[in-house]
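Asker: If you scroll down you'll find the structure; I have some questions about it.
Read-outs throughout are calculated quantities, based only on the coordinates presented, and are distinct from any laboratory measurement. As the structure is a prediction and not an experimental result, all values here were calculated from the model. Note: ideal-geometry Cβ built from the backbone for every residue, glycine included; neighbour counts use all protein chains shown.
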Amino acid sequence: MQDNSGRFDVILLAGNRPGVEILSQNAGVSCKALVPIAGNPMLYYPLKTLLSHPNINKIWVLHQDIYAFDNDPILSPMIDDARVIMHESGAGISSSVSALINEHADCPILLTTGDNVLLNQEMIAHFSNAAQHHDIGVAMVESKILLAEYPESKRTWLKFRGGKWSGANMFWLGDRDKALPILEFWQSIEQDRKKGRKIIGAFGIGFLLASVLRLITLPDAIKKAGQKFGADIALIPMPQAQACIDVDKPEDIILTERILDADSAKKQ
């Protein structure tokens, strides 16, 4: 494993997924990253947080159109920052990330998404500090943490022994040589990313049965999955409920704007 201490790069996924994107269609904008959230384009929030972090070197923003944000009065000054690099993405997330790592970006890398609106410094610090000791880190939130604070939030849960977990849209790629084979594998199951059992089943019938029968915890399952690739992969539990609230549906916008308003009121 490489030395992951100190500074790191970021890959920020801001492109369009295949098919009709209901949020951008409803908002009348060209892509999801431009959907307005509390008066600002969605991408504004994670990009602002990342630009204000002291340990981040470069921020690679992946989008199919590298000029997509040039005419937005809020985003264009942020895109002009020397640390921000617009990079053209391909049809798939994993293949686009692999190509970027192969050609340009240096590990360690924090990978996150443009709809991670509630990303904050505490989340980045907690995740990067824990993940830097592993080849690959996967941020997740246990259901009890989220539902205790936001019981109305609807997420996709992975059910294992000891609890249910939802992804927090943060991944740590600490070692290039360990990350690339995993990204290649992910490419084969990327279309099923919201179907937990299909993803688990891709690792074999034993993994699927262990999940269905609740014979293994998710941290142990992720560790064992990493061993198949010769990599140290770790689940990083996030203590912040907001870490797994991204913006995929119209009701997510309502909840996110309510949280942003509450956070703003606390600062006043």
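Asker: Sort 72-82, 118-128 by the packing proxy (mean of other Cβ within 10 Å over each peptide's residues), most packed first.
Answerer: Details: 72-82: 13.6, 118-128: 19.4.
Highest mean packing first, the order is 118-128, 72-82.
Asker: Ok, one more. What does the charge add up to near K144, with Lys and Arg as +1, Asp and Glu as -1, over the other residues with Cβ less than 14 Å from its Cβ?
Answerer: Values: positive: R155, K159, K164; negative: E142, E149.
Overall, the nearby charge balance is +1.
Asker: Related question: What are the trypsin sites (Lys or Arg not before Pro) within region 107-173 that DSSP puts in a loop, where the Cβ has at most 13 other Cβ atoms within 10 Å? Walk me through the numbers before you get to the answer.
Answerer: Values: sites: K144, K154, R155, K159, R161, K164; in loops: K154, R155, R161.
Counting only loop positions with at most 13 other Cβ atoms within 10 Å, the trypsin sites (Lys or Arg not before Pro) in region 107-173 are K154.
Asker: Would you please give the FRET efficiency between N71 and Q187, computed as 1/(1 + (r/R0)^6) with r the Cβ-Cβ distance and R0 = 22 Å, to the nearest 0.05? Walk me through the intermediate numbers first.
Answerer: Values: r = 32 Å, r/R0 = 1.48.
The calculated FRET efficiency here is 0.10.
Asker: May I ask for log10 I(q)/I(0) of the chain at q = 0.12, 0.16 Å⁻¹, from a Debye sum over the Cα atoms as equal point scatterers with solvent left out?
Answerer: -0.73, -1.37
Asker: Further, regarding this structure: Can you find, among M123, G167, L47, the residue sitting farthest towards the positive end of the charge dipole of the chain, where Lys and Arg contribute +1 and Asp and Glu -1 at Cβ?
Answerer: After comparing all options, I get G167.
Asker: Go through K32/K159; K48/K164; K178/K223; K144/K164; K154/K267 and tell me which ones have a Cα-Cα distance over 19 Å in this structure. Don't skip to the answer; put the middle values down first.
Answerer: Details: K32/K159 29 Å; K48/K164 31 Å; K178/K223 14 Å; K144/K164 8 Å; K154/K267 28 Å.
The pairs that break the limit, which is 19 Å between Cα atoms, are K32/K159; K48/K164; K154/K267.
Asker: Moving to a separate point now. With springs connecting C-alpha atoms under 10 Å apart, model the chain as a Gaussian network and identify which of K249, K223, K178 has the largest mean-square fluctuation.
Answerer: Taking springs between Cα atoms under 10 Å, the residue moving most is K249.
Asker: Right, another one. For the chain, give the magnitude of the charge dipole about the Cα centre (Cβ charges: +1 Lys/Arg, -1 Asp/Glu; no others), in debye to the nearest 20. Spell out each step's value before the answer.
Answerer: On the way: 27 positive and 31 negative charges, 244 e Å.
Roughly 1180 debye for the chain.
Asker: Loop only by DSSP, 12 or fewer other Cβ within 10 Å of the Cβ. Give me the chymotrypsin sites (Phe, Trp or Tyr not before Pro) in region 28-88 that pass, ordered by residue number.
Answerer: Y67
Asker: Follow-up question, since we're still on this one. Between I22 and D261, what is the FRET efficiency for a Förster distance of 35 Å, r being their Cβ-Cβ separation, to the nearest 0.05?
Answerer: Working: r = 23 Å, r/R0 = 0.67.
The computed FRET efficiency comes out at 0.90.
Asker: While we're looking at this one, here's another question. How far is the Cα center of region 6-83 from the Cα center of region 120-185, in Å?
Answerer: Here the two parts' Cα centres lie 21 Å apart.
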